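These notes are about the structure you will find just below.
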Amino acid sequence: MDTDPERALALTYAGARRDALAALLALDQTLADVVRTTSQPAIGQIRLAWWDDALRKLDDAPPPAEPTLQSLASFVLPAGVPGARLAEMVEGWDVLIEEETLDDDALGRFAERRGGRLFAAAAAMLGGNVERADRAGQGWALADLMQHLEDDDARVRTGTMARRLLAGPLAGVARPLGLLALSARLDVASVPMGGPKRAARLAWFGLSGR
């Protein structure tokens, strides 16, 4: 069960694709955990390489006894999203390991490969405007990264990029993805989690899609 209440809210709007979206988000969290628990870059890259290979193999072989891979094979691949496409998300997370300095180019590659690929894959299953979903996903990824950066300069630049990407219209984006993007937009704007203003804004989007 997802312990993030706003992510859980987004999942409630996924309908028949709820398990598929949950599997995509679980993959993202699993890759995040690899990076978070890596102290030696070379080891981290080996672990990410394992995931890259395992995801690509889903297209040709049954999944191993690993819960995230099994969920992807059960719910995401049948929805038309191949393992090779999912593996592109690994490249985004690898940026955080291979780059000593997160310049704007590195942040852009991270955003595109992590969030953009995740939201585009989800949009392929959920429907809606894929281009807008991709852009929103990039902003979502950067808004999340911003909250975990210790370097002030990198955090400010990441927040600026996230704010620009999330400023685009969410109309036409599948409701679950729009809610995730809106949650990220509120994070960047420092709107307190659990506050009435935030709750009301999310509820209105859930009802109206705007």
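The values are calculated or read from the model by the stated rules, or taken from the named source; none is laboratory data. Quick caveat, the model's predicted, so the values are computed rather than measured. Every residue, glycine as well, gets a Cβ built from its backbone with ideal geometry; the counts of neighbours run over all protein chains shown. Ligands, DNA and RNA are excluded from the accessible area calculation, which covers all protein heavy atoms including side chains. Shrake-Rupley method; radii C 1.70, N 1.55, O 1.52, S 1.80 Å.
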- Item | Matching residues, segment 108-163, being within 16 Å of the chain's Cα centre (by Cα) and not in a helix (DSSP H, G or I) | Gln147, His148
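Being open to solvent by 50 Å² or more (accessible area, probe 1.4 Å), touching a residue at least 24 places away in the same chain (Cβ under 8 Å) and not aromatic (Phe, Trp, Tyr) narrows it down to one residue among Arg135, Arg155, Arg109; which is it? Outline the logic, then answer.
Details: Arg155 fails: touching a residue at least 24 places away in the same chain (Cβ under 8 Å); Arg109 fails: touching a residue at least 24 places away in the same chain (Cβ under 8 Å).
None of the other options fit; the residue is Arg135.
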- Message: Restricting to segment 37-78, name every residue that is within 29 Å of Gly127 (Cα to Cα), open to solvent by 70 Å² or more (accessible area, probe 1.4 Å) and among the hydrophobic types (A, V, I, L, M, F, W, C).
- Response: Phe75
- Task: Name every residue in segment 2-26 that is more than 14 Å from Leu72 (Cβ to Cβ) and assigned to a helix (DSSP H, G or I), in order of residue number.
- Result: Pro5, Glu6, Arg7, Ala8, Leu9, Ala10, Leu11, Thr12, Gly15, Ala16, Arg18
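Does Gln29 qualify as being in a helix (DSSP H, G or I) and open to solvent by less than 80 Å² (accessible area, probe 1.4 Å)? First the steps, then the outcome.
Numbers: in a helix (DSSP H, G or I): yes; open to solvent by less than 80 Å² (accessible area, probe 1.4 Å): no.
When the stated conditions are applied, Gln29 does not pass them.
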- (1) open to solvent by less than 70 Å² (accessible area, probe 1.4 Å); (2) under 20 Å from Leu207 (Cβ atoms); (3) of a type outside the set (Val, Ile, Thr); (4) touching a residue at least 60 places away in the same chain (Cβ under 8 Å) all hold for Ala122 apart from (2)
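Got a sec? Which of Leu180, Leu170, Leu166 is buried (at least 21 other Cβ atoms within 10 Å of the Cβ), closer than 30 Å to Ala16 by Cα and under 13 Å from the mean Cα position of the chain (by Cα)? Outline the logic, then answer.
Details: Leu170 fails: under 13 Å from the mean Cα position of the chain (by Cα); Leu166 fails: under 13 Å from the mean Cα position of the chain (by Cα).
Every option except Leu180 fails the conditions.
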- Sole exception among (1) in a loop (DSSP other than H, G, I, E, B); (2) open to solvent by less than 10 Å² (accessible area, probe 1.4 Å); (3) more than 26 Å from Leu179 (Cβ to Cβ) for Val81, by number: (3)
- Task: Only residues that are at pLDDT below 95 and part of a helix (DSSP H, G or I): list them for segment 188-197, please.
- Result: Pro196, Lys197
- Query: Hey, any hits in segment 53-63 for a residue that's within 18 Å of Phe119 (Cα to Cα) and modelled with pLDDT of 95 or more?
  - Reply: yes
